Amino acid sequence: MSMIRDLRAVVRPSLRKASPSGAAYDTTRSASAHSAVVDCAVYREGRRLVHEEPLTPHEAMLRVRRGGGFAWIGLHEPTEEEFAGIAAEFGLHPLAVEDAVHAHQRPKLERYDDTLFTVFKTIHYVDHAELTATSEVVETGEVMCFTGRDFFITVRHGGQGSLRALRRRLQEDPELLSKGPSAVLHAIADHIVDGYLAVADAMQDDIDEVETEVFTAPGKGTSRGVDAGRIYQLKREVLEFKRAVAPLSRPLQLLSERPMRLIDPDIQKYFRDVADHLTRVQEHVLGFDELLNSILQANLAQATLAQNSDMRKITSWAAIIAVPTMICGVYGMNFEYMPEVEWKFGYPLVLGVIFGTCVAIHRTLKRNGWL
């Protein structure tokens, strides 16, 4: 359909300027009453209704019930008291409300009466000048979505994953927003999964850097491998990434394949594209895990070889030193009848034997790779 052919372009950054209806919501005037509400707006025929005063969730729902459209309410880390009124206003299920308030949930999709409850994990790559054994590579957050017939509620946890820019981009396409809350749900899912791809690319650079150091260290003349703590830290961050990505495949499969009354049929087909992107991310994450296992094993093998090399060198020098020690120890016993003791060339002869024997042992050990 022509009105949704540019659906994916809408949820990505563009150079277009935001329309007046997409102006950022000013929360300062309503912070005392609804401190957790980041934005609250009514959309009718795909356009945001402009009001002189910021709307409360109750006022937004009244306008929707009187004139149609849907309300989109965004919250950030609400408390139980702050969310209780909104939950009662929209008839949200207590179990979903509890999950939304306390967070720390797995990605999932649940249906409560006429409301879909969706949980997404957001992933943010943490820039760092140098990867260390204590570097934080990824930061996680959560976005919970309540999708109803005439409302859409987002509850965000964590310092990252703001949806303000996404809201503005959606407001630039009234035809898309006219599809209702399901269009917003798709846009958020697509936005979050695209963020996964960006994080995967950044993590690939970190892994490539560690891999290069592991396999080029011996060529630089160093006998020690890369700090294993750095590799282990990367494995921990990849595991955190995997926990956000892997459970999301089932919800996206349901959204793309199972007919749902709350999901517009024209929007549903686009969830397949999001699911495909998620599959790519999963393949990246699995590849990262296997590659890091190989890198860790190679690093440990190099450390073991370095230790063996050190032991061989110590043993070789001990063998060389044993020759003069033994000979000098024999002549130091002060027996009356010692070989060549009274011969004037005896002393130089013993020194020559010691030197020649040590040189021969050194050359033999060096030729065998022990020195």
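Here are some notes:
- Portion, in percent, of the accessible area of region 187-313 that falls on carbon or sulfur, probe 1.4 Å: 51 percent
- Couplings 3J(HN,Hα) of region 63-69, computed from phi: 5, 5, 5, 7, x, x, x Hz, in residue order, whole Hz [Karplus 6.51 cos²θ - 1.76 cosθ + 1.60, θ = phi - 60°; x for Gly and Pro].
- Within-9-Å neighbourhood charge of Asp114 [Cβ basis; K, R +1; D, E -1]: +2
- In the chain, the longest principal axis of the Cα atoms and the axis of helix 270-331 are about 20 degrees apart.
- Cβ-defined net charge surrounding Arg156, 13 Å radius [Lys, Arg +1; Asp, Glu -1]: 0
- Here region 132-175 and region 337-371 have alpha carbon centers that stand 79 Å from each other.
- Using the 1.4 Å probe convention, the accessible area of the chain works out to 53 Å² per residue with neighbouring protein chains retained.
- Helix 346-367 vs. the chain, principal-axis angle (Cα, 0 to 90°, nearest 10): 30 degrees
- With a Förster radius of 56 Å applied to the beta-carbon distance between Arg367 and Leu197, the computed FRET efficiency rounds to 0.55.
- Extension reserve of the Glu290-Arg47 stretch, reckoned as 0.36 nm per residue once the Cα distance is removed: 82.7 nm
- Averaging the Cα positions of each part gives two centres, and for region 89-128 and region 261-281 these lie 18 Å apart.
- Label-to-label distance, nm, for residues given as Arg280 and Gln160 (7 Å Cα→Cβ offset): 1.9 nm
- Evaluated over region 62-219, the Cα radius of gyration and Dmax, each in Å: 19.4, 75
- Using alpha-carbon coordinates, inclination of helix 181-216 to the longest axis of the chain, degrees: 10 degrees
- Counting only protein heavy atoms and a probe of 1.4 Å, the accessible surface of region 64-162 is 45% carbon and sulfur.
- In a fully extended conformation the segment linking Met338 and Glu80 would gain 83.1 nm over its present Cα-Cα distance, using 0.36 nm per residue.
- Compared with the alpha-carbon gap, the fully stretched path from Leu305 to Trp317 is longer by 2.5 nm at 0.36 nm per residue.
- Long pairs among Lys121/Lys269; Lys121/Lys235; Lys108/Lys269; Lys179/Lys242; Lys242/Lys269, criterion Cα-Cα beyond 29 Å: Lys179/Lys242
- Estimated [θ] at 222 nm from DSSP helical runs (n ≥ 4, -39500 (n - 2.57)) normalised by residues in the chain, nearest 500: -18000 deg cm²/dmol
- Estimated inter-spin distance, Val330 and Glu110, nm [label 7 Å along Cα→Cβ]: 8.7 nm
- When all alpha carbon pairs of region 206-350 are counted in 5 Å bins from zero, the resulting P(r) reads 1, 8, 11, 10, 8, 7, 7, 6, 6, 6, 5, 5, 4, 3, 3, 2, 2, 2, 2, 1, 1, 1, 0 %.
- From most to least packed by mean Cβ count within 10 Å, the peptides 281-292, 312-323, 177-188 give 177-188, 281-292, 312-323.
- Fraction of beta bridges assigned by DSSP in the chain that are antiparallel (%, nearest 5): 85 percent
The values are calculated or read from the model by the stated rules, or taken from the named source; none is laboratory data. Quick caveat, the model's predicted, so the values are computed rather than measured. All Cβ positions, glycine included, derive from the backbone under ideal geometry; neighbour counts span all protein chains shown. Heads up: the accessible areas ignore ligands, DNA and RNA and are worked out on the full protein's heavy atoms, side chains in. Shrake-Rupley method; radii C 1.70, N 1.55, O 1.52, S 1.80 Å.
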